[in-house]
Amino acid sequence: NYKILKEPVKRIIAAPSFLQYQYQNTFLIFTRNTINRFILEGSASGWAANAGSLIEEKKQYGLLADKSLMRIGDAVFWLSEVGIVKWDSQGLNLISKNVVNIAIEEDSFAFYNSINNQYMLHQPSDGNTYVYHIDRNMWTKYTGLNIISTGILTGGSEFDNINLVLNEDNKIDKFPSEEYTDEESIIKTKDLFF
């Protein structure tokens with residue numbers, strides 16, 4: 001039993017809870033250029049024959065960077081060819097367009113900083129990390145974070161979850177750390193186009 005898509009599958013996730021009425025028993029299938037809805041109604045043998053079980057949901061907002069797709073609270077975030085997309089109960093929104101210039105790179109990966117409720121997209125090619133502050137609908141850009149992969153440590157005696165970061169020296173760091181940098185910071189409030 002199988003279904004054929006127009007492009008290779010990049011990721012599959014269960015439909016988030018904010019889509020519960022339209023998307024019960026549904027998986028979202030991401031390709032590079034599309035988002036497809038796979039409805040699990042009836043038996044597995046019937047899915048292959050039923051043309052209505054696979055619906056092309058969105059075009060041009062597909063998943064570019066496989067490791068950028070994250071479910072955070074009541075939203076799904078990912079990097080597409082047009083920028084960072086946020087899909088929540090308000091619909092599909094391109095949250096980086098005309099706000100922050102994010103390089104469109106397939107090797108980008110994301111992680112969630114639960115302490116500050118942030119979606120963080122890291123780009124290994126230049127060491128830039130773009131941080132979307134979910135509560136404030138605001139962007140910040142970090143430079144110089146040396147990250148290969150991340151994970152969240154939960155439980156234990158700490159009240160907060162801790163992001164563990166593996167750097168290029170195979171050393172594990174905590175993010176955010178308790179140390180402050182002495183590097184100069186630049187704050188850019190707005191770009192004006194004339």
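Here the sum of -39500 (n - 2.57) over DSSP H runs of 4 or more residues, divided by the residues of the chain, equals -500 deg cm²/dmol at 222 nm, to the nearest 500. Taking the 1.4 Å solvent-accessible surface of the stretch 88-180 as the whole, the part contributed by carbon and sulfur is 45%. Just so you know, the Rg over Rh for the chain is 1.02, from Cα atoms, with Rh as the Kirkwood radius. May I ask you to derive the FRET efficiency for Gln60 and Phe27 from their Cβ-Cβ distance with R0 = 22 Å, giving the value to the nearest 0.05? The calculated FRET efficiency here is 0.60.
Would you mind calculating the relative contact order of the chain from Cα pairs under 8 angstrom and at least 6 residues apart, reporting the percent as a whole number?
Taking the mean separation of contacting Cα pairs over the length of the chain, I get 10 percent.
A Gaussian network model of the chain, with springs between Cα atoms under 10 Å, assigns the largest mean-square fluctuation among Tyr119, Tyr132, Tyr180 to Tyr180.
Each Lys or Arg adds one and each Asp or Glu takes one away; over the other residues whose Cβ falls under 13 Å from the Cβ of Tyr61, this sums to +3. When the chain is treated as a Gaussian network with alpha carbon springs shorter than 10 Å, the biggest mean-square fluctuation among Met120, Met70, Met138 belongs to Met138. Entry comment: accessible area of the stretch 80-194 is 69 Å² per residue, from protein heavy atoms only and a probe of 1.4 Å.
The values are calculated or read from the model by the stated rules, or taken from the named source; none is laboratory data. From a predicted model like this one, the values you see are computed outputs, not experimental measurements. So basically every Cβ, Gly included, is an ideal-geometry build from the backbone, and we count neighbours across all protein chains shown. Just the protein is used for accessible areas: all its heavy atoms, side chains included, with ligands, DNA and RNA removed. Shrake-Rupley method; radii C 1.70, N 1.55, O 1.52, S 1.80 Å.
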